[in-house]
Amino acid sequence: MSTKSANRTISVSIYALVWIVLIILQTLVTTVQGTPEMSVFTNPRLYYSTWLTDLYLVVIFYLNYFVLAPRLMRRRLFQPYLWMTLAATLIGFIIPILSYSLWDLTMPGVAEGTVPVSSLGVIGVVAAMAIGLSVRGLYEWDSLGQEVRALKEEKTKWDTERDELQRELTILKASVATAESREALPSSEETTDTL
């Protein structure tokens, strides 16, 4: 296994662990703050819609990180990016409503038999996209810094090579000038003949 592959496996594992911890923490905080009937341990069905929304947020984070942010932001397509964000927030808002309509899944803190209207998906999408965009920006900034370093090293190499070629050219010009001055001087036989 190569180092790059091992690093990628470690980072994916860390990301997965962070998402799981965040979802568990959210579930436990909601359970602790709620009534015994809202507990995940006594009524886990209340949390299915929330977990489905959380799964959607994870998907949005990676979709934004790997596809939307690099492609749209590099091309400076800010308006389409904003429209995609608004569409994603609308879907995040609709997920609990669809879960209730299709599978009769409600959410903790919502009265039984009422449609769960929650801003969890909306706020979550905005947060996930903002965090993904920030992380992607840091990654791009680091990549740009590495490119600049590589270009500086290449420039230094080319400057050294240019200086070496200029030195060689100076030596060649000096040797040509010396050879020309020798040819221009009359030889000793020519000078004796003329005398």
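The values are calculated or read from the model by the stated rules, or taken from the named source; none is laboratory data. All values derive from a computational prediction rather than experimental measurement. Reconstructed Cβ throughout: ideal geometry from the backbone, glycine too, with neighbour counts over all protein chains shown. Note: areas computed on protein heavy atoms with side chains; ligands, DNA, RNA excluded. Shrake-Rupley method; radii C 1.70, N 1.55, O 1.52, S 1.80 Å.
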Carbon and sulfur: what percent of the stretch 67-111's accessible surface (1.4 Å probe)? 69 percent
Neighbour cut-off at most 14 other Cβ (10 Å), DSSP loop, GluC sites (Glu not before Pro), the stretch 104-164: 112
Pull up all non-local amide H partners of residue 105: gap of 5 or more, or a different chain, and H-to-H distance under 5 Å with H placed in the peptide plane. 100
Expected unfolding gain across residue 112-residue 149 under the 0.36 nm per residue rule, minus the alpha-carbon gap, is 7.3 nm
Quick check: with the 1.4 Å probe, what order do 93, 66, 41 take by accessible area, largest first? 41, 66, 93
Under a GNM of the chain (C-alpha, springs under 10 Å), which listed residue has the highest mean-square fluctuation: 133, 82, 169? 169
What residue among 59, 126, 18 shows peak mean-square fluctuation when the chain is described by a Gaussian network model with Cα springs under 10 Å? 18
Computed from these coordinates, which is Rg and Dmax of the Cα atoms in Å: (1) 20.2, 61; (2) 18.2, 57; (3) 35.1, 130? (3)
Over the chain, what is the mean sequence separation of C-alpha contacts under 8 Å (at least six apart), divided by residue count, expressed as relative contact order in percent? 20 percent
Could you state the principal axis extents of the C-alpha atoms in the stretch 71-155, from the largest down, to the nearest angstrom? 70, 24, 17
Helix 120-184 against the longest principal axis of the chain: what's the angle in degrees, Cα atoms only, rounded to the nearest 10? 0 degrees
Within the stretch 105-142, name every residue whose backbone N is under 19 Å away from a label modeled 7 Å from Cα of residue 42 along the Cβ vector. 106-113
Taking amide H atoms as placed 1.01 Å from N in the peptide plane, list the residues 5 or more away in sequence, or in a different chain, whose amide H sits under 5 Å from that of residue 39. none
